[in-house]
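Note sheet for the following structure.
No value in this document is a laboratory result; all are computed from the given coordinates. Here the structure is a predicted model, which is why all the values come from computation and not from measurement. For neighbour counting, all protein chains shown are included, and Cβ atoms are generated from backbone atoms with ideal geometry for every residue, glycine included.
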Amino acid sequence: MGQTADDAELAALRAAATQAAAQAAEARAAAAQAALEAAEAHRAAPAEARRAAPKSAGEADRAAPQEAPAGVEPGYGDEVRTAYTHDGPTLALGALLTGEVGGEATPDASVQVGFPLSMLNRHGLVAGATGTGKTKTLQGMAEGLSAAGVPVFLADVKGDLSGLAVPGPANEKIASRASSIGQDWEPTAFPVEFYALGGLGTGVPVRTTVTDFGPLLLSKVLGLNETQSSSLQLIFHWADAQGLALLDLEDLRATIAYLTSPEGKAELKGIGGISTATAGVILREVSGLGAQGGDVFFGEPAFDTADLLRTALDGRGVISALELPEIADRPALFSTFLMWLLAELFQELPEVGDPDRPRLVFFFDEAHLLFTGASKDFLTQVVQTVRLIRSKGVGVFFVTQSPKDVPADVLAQLGSRVQHALRAFTPDDATALRAAVRTFPRSPYDLERLLQSLGTGEAVVTLLDEDGTPTPVAWTRVRAPQSSMDPAPAATLTATVAASPGQAAYGASVDRESAAELLAERARADQERQDAADARAEAEEAAEQAERRSPAPRSTRPSGGRPARSPLESILTTVGTTLAREITRTVFGTRRRR
């Protein structure tokens, strides 16, 4: 019985202990919960304050999600619409795009992006990696300019721009694209004049004389160093001073050979001279250029740049396409020729101020080839020509893969930018990409990401409005060309060239008497005079011997004939085949016409 009471007491104590432990645990849990809630309440207000406070630029970049939208912010479309609405005639380019980088981009047909024609003489840049659509952008711009009555010159390096002469084929894809961006698309052929350097390829032959081309540009083509270029300028200076026409490469070779001969060296004695070694280098490079086909480019009849300023009977501007596939492997030749054309236009055209539309728009394709290995003097003249030619009503667009291909001094002269996609496969590419981004006006776009994500036929655009103010950056889907995006059939090219008025003017080469023939004639005349002098000397000696054998009195007639003419007198006896006056040159070294 006692044992039972003890057991009951122990059981009661155990129950009490268990209940007390449970109550203690509950109290501790409640205390812990209260402490937690107090701590959370204490931290809540500072966190809200920190979230409301503005972040620094670096913190904001780190906090932003990696896939943030690259589209426009609310209201930016209206800003773009206002900035690209011009009072005067406009060259339409495309429509504004909205959306996210790497996602679906949606065109807004109500926001059209285009150039005011009156500002195209402020020049521009069309850039983008291979395959991004810059050639088709060039084609579409040429079409729009032609339709507005503005003549166009472009270099067709690969031959795919010849399709401008053929209507483009209609298909559902083009129709859908055109409708989405508000383009009234219909198949259209444009008035095109095809040219070819020296007749290399299908086109009206384009030639110029060595005298007209000048020493500065020729040094670029030949790849001469500064010493050799100075010597070439001295050769041209001598020929210019004599009014001596250097029509082709054979004239130049003959002149160099003469000036390095014993007799010719005396001609340069007062103004310097050229070493035999330097002359040898120049002659080798001239011969190499001739072997590459340069000999057919230099000659007559020389091309008149006024032929680039024509309009068709229906009022559309004529598109002059220089077909270059046959000499695509000689980039120094065709790129320097383009610069010669630009220099000739600058020299020949009158000042027109700021017309409502340009007299000519000049597309300088593969522009990086012009600047590769260029001397400081050459670059200086390029910058000066680009800066000043706008007052002649000529707009220049450089077309290349990356903005870094064009020197900074030239880029500074360009008012418009159509930038297609850029790639960043190497550290140098990444650096060039960041540098390109910094040159755009401020915008809501993450341009570094956007430029790497642009689709084919899309571009980032900024230009000068009619007040000369840079427009907002616009992510743009570019209009599709209305002419064929494939090369024109060979039969079309042949028929167009045959019907061209330029074929009658420039089709057949002319080889008139020039420096080579004059110098050869001079050498022949010198030899004849030398032979006559030798004969007179022999006759006089024979007469003296006869007089010694005979007592007859000597004749009082003076012996000898007319004094020998100087080399200069010999050359200028045929002034009808020379330029008949001293030649003067422009800042670019081309011949100044009078």
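Beyond 31 Å in Cα-Cα separation lie the following of the pairs Lys265/Lys392; Lys136/Lys392; Lys269/Lys376; Lys269/Lys392: Lys265/Lys392; Lys269/Lys392. Per-residue extension of 0.36 nm, minus the Cα-Cα distance of Asp428 and Ala499, leaves a gain of 20.6 nm for this segment.
The modelled label-to-label distance for the pair Arg387/Thr82, using points 7 Å beyond Cα in the direction of Cβ, is 3.5 nm. If the chain linking Arg536 and Ala412 were pulled fully straight, counting 0.36 nm for each residue of separation and taking away their Cα-Cα distance, it would gain 37.6 nm. The spacing between segment 373-393 and segment 81-116, judged by their C-alpha centroids, is 32 Å.
Fully extending the segment from Asn171 to Leu283, taken as 0.36 nm per residue of separation minus the present Cα-Cα distance, adds 34.7 nm. A simple spin-label model places the labels of Lys265 and His237 1.9 nm from each other, with each point 7 Å out along Cα-to-Cβ.
Does anything in segment 144-167 have its amide N under 17 Å from the 7 Å Cα→Cβ label point of Asp184, and if so which residues? Residues passing the 17 Å test: 144-149.
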